[in-house]
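The values are calculated or read from the model by the stated rules, or taken from the named source; none is laboratory data. Predicted model only: the values in this text are computed from it and were never measured. Cβ placement follows ideal geometry from the backbone for every residue including glycine, while neighbour counts extend to all protein chains displayed. Each accessible area value is taken on the protein alone, full model and side chains, heavy atoms only, with ligands, DNA and RNA left out. Shrake-Rupley method; radii C 1.70, N 1.55, O 1.52, S 1.80 Å.
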Amino acid sequence: MDRARRTLSQNFLTDRHAIELVISAADPTGLVLEPGAGTGALTLALARTGAHVVGYEIDPRLARRLAARTRGAARIEVVQGDFTAARAPGRPFAVVGNIPYSVTSKIVNWCLRAPSLTSATLLTQREYARKRAGGYGRWSRVTVQSWPWFHWRLGHTVGRECFRPIPSVDSAIRRIERRPEPLVHGRWTYQELVELGFSGIGGSVRASLKTRHRGVDAALAAAGVARDAVVGYVHPDQWITLWQRLCR
């Protein structure tokens, strides 16, 4: 079991208050998919809210134990397998989970690609959560590219002592919500613009954008972006303005 925990990056959430923080942030209703169900502490808490929970667990031993533990629970289904290989439901659903640090990016990318996803409430490494929410004054490409369709919010910190075994770093709740209406209506042109901006050509977002677009200086001024700004310091809302000025 210890080897499996290390290989699969398993750190089980055991603190009751931390579980309550995740449930409160998620506010689960309807269908909920849980990556990394583990021993089922969060699974059971989600089901107690009235949600229908499908828990994914890649470790066969843990999956069997959780299935046995929840046998007869009408609102819980346990699936032994890799969550990131699962087919997304065709109806609205949410994702809630204490996810393994080693596959955080894969799970987030899966969520962002799922057309029917309404929200994802994920307990991740705190540094990752802060980076994706501009916590260091910088914004990642993933956040910027998905911003017109998803709002990213940083929630409570969950200390490392809330897990067993205890990891070397703290965690935080990361909430990703689908917007009722997208902020842009040109996914391809917007994401192409962001890719160009993050390409690193010339050392600034201005230099990168000027390789393909005219009127870049006026667009930067309208968005309130300095002419020498490094791309990571451009707020996602400013990218919306840049797209409106350069791509419409």
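For T121, the criteria (1) over 26 Å from V205 (Cα atoms); (2) in a strand (DSSP E or B); (3) open to solvent by 20 Å² or more (accessible area, probe 1.4 Å) hold in every case but one, which is (3). Which residue is nearest to R130 (Cα to Cα), if the candidates are limited to region 143-159 and must be open to solvent by 20 Å² or more (accessible area, probe 1.4 Å) and free of Cβ contacts under 8 Å to residues at least 40 places away in the same chain? Among those residues, the one meeting the criterion is L154.
Could you tell me which residue of region 117-154 is nearest to the chain's Cα centre (by Cα), considering only residues that are within 25 Å of G40 (Cβ to Cβ) and among the small types (G, A, S)? Checked region 117-154; the qualifying residue nearest to the chain's Cα centre (by Cα) is A120. Looking only at residues in region 124-141 that are over 20 Å from P35 (Cα atoms) and hydrophobic (A, V, I, L, M, F, W, C), which one is most open to solvent (accessible area, probe 1.4 Å)? Out of the qualifying residues, it is W139. If you filter region 160-187 down to residues that are touching a residue at least 40 places away in the same chain (Cβ under 8 Å), open to solvent by less than 90 Å² (accessible area, probe 1.4 Å) and assigned to a loop (DSSP other than H, G, I, E, B), you find that the one that is farthest from W239 (Cα to Cα) is P165.
Here N11 qualifies as open to solvent by 30 Å² or more (accessible area, probe 1.4 Å), among the polar types (S, T, N, Q) and under 24 Å from Q125 (Cβ atoms). When region 34-81 is filtered for residues that are under 19 Å from R164 (Cβ atoms), assigned to a loop (DSSP other than H, G, I, E, B) and in contact with a Phe, Trp or Tyr (Cβ under 8 Å, 6 or more places away or on another chain), the ones remaining, listed by number, are G36, A37, G38, T39, I58.
Looking across region 188-198, the residues that are farther than 27 Å from P92 by Cβ and open to solvent by 50 Å² or more (accessible area, probe 1.4 Å) come down to E192, E195. Only one of (1) open to solvent by 40 Å² or more (accessible area, probe 1.4 Å); (2) within 19 Å of the chain's Cα centre (by Cα); (3) over 29 Å from P115 (Cβ atoms); (4) of a type in the set (G, A, S) fails for G72. Which number is that? With (1) open to solvent by 40 Å² or more (accessible area, probe 1.4 Å); (2) within 19 Å of the chain's Cα centre (by Cα); (3) over 29 Å from P115 (Cβ atoms); (4) of a type in the set (G, A, S) applied to G72, the lone miss is (2).
Within the set T104, T84, the sole residue that is open to solvent by less than 40 Å² (accessible area, probe 1.4 Å) and either touching a strand residue (DSSP E or B) at 6+ places or on another chain (Cβ under 7 Å) or in a loop (DSSP other than H, G, I, E, B) (or both) turns out to be T104. Among the listed residues A221, A229, A207, which satisfies the condition of being open to solvent by 60 Å² or more (accessible area, probe 1.4 Å) and of a type in the set (G, A, S)? Every option except A221 fails the conditions. Within region 133-156, is even one residue in a helix (DSSP H, G or I) and closer than 24 Å to T14 by Cα? Checking region 133-156: not a single residue is in a helix (DSSP H, G or I) and closer than 24 Å to T14 by Cα.
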